[in-house]
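As structure tokens, the structure follows; a few thoughts come after it.
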């Protein structure tokens, strides 16, 4: 049995890399997917494909269509979703992806630092498991195969 | 035909009241529901029902169970969801409720000021309609009955 | 038992009126809904609610969001969908609404003149019933209550 | 991860071939399916299998059963649907397949020339992404794997 | 609470009448629906609405479209399905309606004389309850309200 | 808005009565349903309807068909399920009904004394809310209408 | 792309063998499944596994549980269902399997001799394709891969 | 065709091993999964991953999140569920997993000793097949491939 795991959440540090290496070290049969991690490309993908747009608003609209296409296909293909929230940024896409995962019936592993406990309490309660570090999320995945 | 509309989003101003009065003035057959608007009661509902909890974390956990029970029942009963985002607060519950609405197949009307266009671009693209004021959201509802 | 029936299809003649009067004459417990029949309002509804848009393309985009909101809510509420195709216009919205009805599991009654038999053969085969006149569609509805 | 993509839309030019070659050049792990592209065979398949039918109407009915069997199986097997609309023909099957894809929850990439913007505005708004050329559709697919 | 119950099965005797009178005597809040019981009208409904058809085969095809429209709408509206099998006729429509009810998640009460036990054993095993007389089926319904 | 609430769980004391009276006192628009509370009738309902069975095993089988018919119809009709576990009996039907509610997407309020915390920990974690007394369950329901 | 096809219907002649050989000759990537074709084993499988039962009725009940387990798993795994009706026997299991396939959203290819047209008209109308011989059914399958 | 079978139920003896060996001996293409069989690890997994918890209640809560994650992913991946009940323990997790399997549409094979017939009669009636020994459950599986 192999699992596909979508890694939602912030793209400003290397937490996905850390998680993938741990999985690889342990030999877990897991395939990881996630959002476009190149932030500039994610913002520009609309114009990259459709050409210049008449204003920043329409540039954003075009980009969001492509980013949502990507997320939607990959979320549908996943067995488990892991979402990491950090202390910076509004992270509405992370909240949106996490809630979509729950509503699609995909089990959600939520990673958040203890100080975000209060604002994330309702989302945490919807998650299957809430942990504080990527390493703990990986241990949770490993337990499925134990 | 009557519609039930869930009003997700911030509970710190009186936008829901404004919307309800407009609907009433126009005689629209719409029933509105929404989250607990008394912020303190929303934070304390866990201890109000289950008694004192061992720590703030567990107080929050208890409260979030009750708040999610409420949201879940009311979201299921709704035909349309309207979600308002403002410029303050993280509003993760709003993002969560909006995404859940989309994933459940409920049409979403998103209200957000123009300056939040960029961080909400993916959610906006998932919404059925995006507007800037509660009054425009109400006009959108009215168009269904036109 | 009462049924809600969505009347998809062209808005350029008065076939809906004919059908409603027949139902009323026979005392059938049917409630009819349908698209915005005022063609200009349907084209302008985006700007009516959101204000002037930067170009005809964006005016159309805004209008289509509102028209789709309306159709979606009303289709979900319907028990049966009747779609009429005539000999003029491309009628892509009619084809779209008819196919959506089938995919949502709503039984479809297709009305089309005999000369459109060939181009509509695949859609006809997906419909529950194919007839040639609104009066025959109404008789089909009446048979459910017979 | 491999994706299966159904190519709906007109069968009178070689746009599918163009798209497949681009995918092959880029080494994308995509398997393409689509309707019967031999137009005569598509019209005659009913009689080819069931023998001569009593009239053109029944010949069409038999053919449409087989064409719908084919489309239905292949649509169900697909992860993404791409639909191309051109300036000729009524293209009701294309509209039907595109709307079915949306209603089944398959993300839709719509290809249409700018001059078809207005009549396709509601379908475009339902699509995940709208582009103008097969090459742009392919770039959208490629972005999922980026 | 009120239940809607579809009465599938043979239309050649008055078992439905017996069941309805028992329900009425006991004051059960049940609304009954069922197939067209006028056998001739059921066979002729296609030509009644669409006019004369070119052959008996096409007359049957037209009629079956209308009969299936009726059954489909009424089955969807039902909370429970009761299907009666007797010793005569092939009763394929009864088997079809009963199996459809099970597959749609509607609880099925099967009525059949003991001597049909063997050929109906697989269907009986899929039913929620199997009884031998309409009166026993009615008692089963009554137990829901007990 | 009115809610229908199924009261699963032991039938050996009067907790349902207590809960109904509290709801009535508070004027909550809730309709309660639940299993047959007359334990002897629940065990004998198979023979009551179908006549004497050849052995206790077949008597039980007949009874369980009727009890499951009742539970299934009422569970489907419910918006919320409340399940109470006490310290006696195996209560497998309670566990079955509670898990069915969760799997059907009905929010579950679990009532159990603190000393049953350990054996019910997995079920509790699946419930939307876990409380210790019927009164707390009623307060949770009331919060939905607050 | 490979398809799994369930062959429902009578087990008293070798039509399945004929169909499999045609598929093999044409090199179609199709895997066939179907009911237990050894009629005696199908009738005795309950006692074969569970030991002697107290009466023929209970022997049948036990067998039908096992036959339904088999059918259910294999139907769920299938992409297309082919059902053959002949002129003998009541064939209620065939009707049940065919209707279950339709209700599960599996496309159905119905094979029946012309003289069974009338009693099977409603089922035929629910099928995706109706043909008269196994060879025609195979050609229909082949068209999916054409 | 290969099947994945989840083995729910007690973890205090070696029935799973017996079943796996029988399957292996017969060369059945079946992959088995099941709950964590190391009882201590199952109770401690919350603290193993998340660190020490403030009390036994919270230790249990953390463990149950991880155990439910595991069960949920593996149940979703299964084609058939086998649940064994023995005479000791409350086995609420077994009842919960069995009922979840039924509600998810997974066929359930129930294994229970004859003396548990009465308390498990409603669950048995929901199962696809009820047997008394792991060997009989394996024979039932084998019949699917016969």
Give the residues of region B:44-56 that are away from chain A (no Cβ under 12 Å) and surrounded by fewer than 16 Cβ atoms within 10 Å (Cβ to Cβ), sorted by residue number.
B:44, B:47, B:48, B:51, B:52, B:53, B:54
Kindly indicate the residue of region H:7-40 that is under 18 Å from residue H:69 (Cα atoms) and assigned to a strand (DSSP E or B) and also farthest from the other protein chains (Cβ to nearest Cβ) among those meeting that condition.
H:7
Out of curiosity, is residue C:113 over 16 Å from residue C:31 (Cα atoms) and in contact (Cβ under 8 Å) with a residue 24 or more places away in the chain?
yes
Residue count, region F:101-118 (criterion: away from chain H (no Cβ under 14 Å) and over 30 Å from residue E:106 (Cα atoms)):
0
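Matching residues to (1) under 18 Å from residue F:101 (Cα atoms); (2) out of contact with any strand residue (DSSP E or B) (no Cβ under 8 Å at 6 or more places or on another chain); (3) surrounded by 21 or more Cβ atoms within 10 Å (Cβ to Cβ):
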position	(1), (2), (3)
F:3	yes, no, no
F:17	no, yes, no
F:23	no, no, no
F:27	no, yes, no
F:31	yes, no, no
F:41	no, yes, no
F:64	no, yes, yes
State all residues of region F:80-96 that are surrounded by fewer than 23 Cβ atoms within 10 Å (Cβ to Cβ) and touching a residue at least 40 places away in the same chain (Cβ under 8 Å); if no residue qualifies, say none.
F:86, F:88, F:89
The conditions are (1) touching a strand residue (DSSP E or B) at 6+ places or on another chain (Cβ under 6 Å); (2) on the phi < 0 side of the Ramachandran plot; (3) buried (at least 17 other Cβ atoms within 10 Å of the Cβ), and residue H:9 fails exactly one of them. Which is it?
(2)
Just checking, which of F:126, F:77, F:121 is crowded, with 24+ Cβ neighbours inside 10 Å and at the interface with another protein chain (Cβ under 7 Å from one of its Cβ atoms)?
F:121
Please give the number of the condition residue C:82 fails out of (1) touching a strand residue (DSSP E or B) at 6+ places or on another chain (Cβ under 6 Å); (2) within 14 Å of chain D (Cβ to nearest Cβ); (3) at pLDDT 95 or above.
(2)
Considering (1) under 30 Å from residue G:77 (Cβ atoms); (2) more than 9 Å from every other protein chain (Cβ to nearest Cβ); (3) without any contact (Cβ under 8 Å) to a residue 40 or more places away in the chain, say which one residue H:59 fails and leave the rest.
(1)
In region A:62-79, what residues are touching a residue at least 40 places away in the same chain (Cβ under 8 Å) and out of contact with any helix residue (DSSP H, G or I) (no Cβ under 8 Å at 6 or more places or on another chain)?
A:77
Among the residues of region H:132-139, is there at least one that is touching a strand residue (DSSP E or B) at 6+ places or on another chain (Cβ under 7 Å) and under 14 Å from residue F:64 (Cβ atoms)?
no
Determine, yes or no, whether residue E:4 is within 17 Å of the chain's Cα centre (by Cα) and assigned to a helix (DSSP H, G or I).
no
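The values are calculated or read from the model by the stated rules, or taken from the named source; none is laboratory data. Here the structure is a predicted model, which means the values were calculated and not measured. Cβ sites come from the backbone with ideal geometry, for glycine too, and all protein chains shown count toward neighbours.
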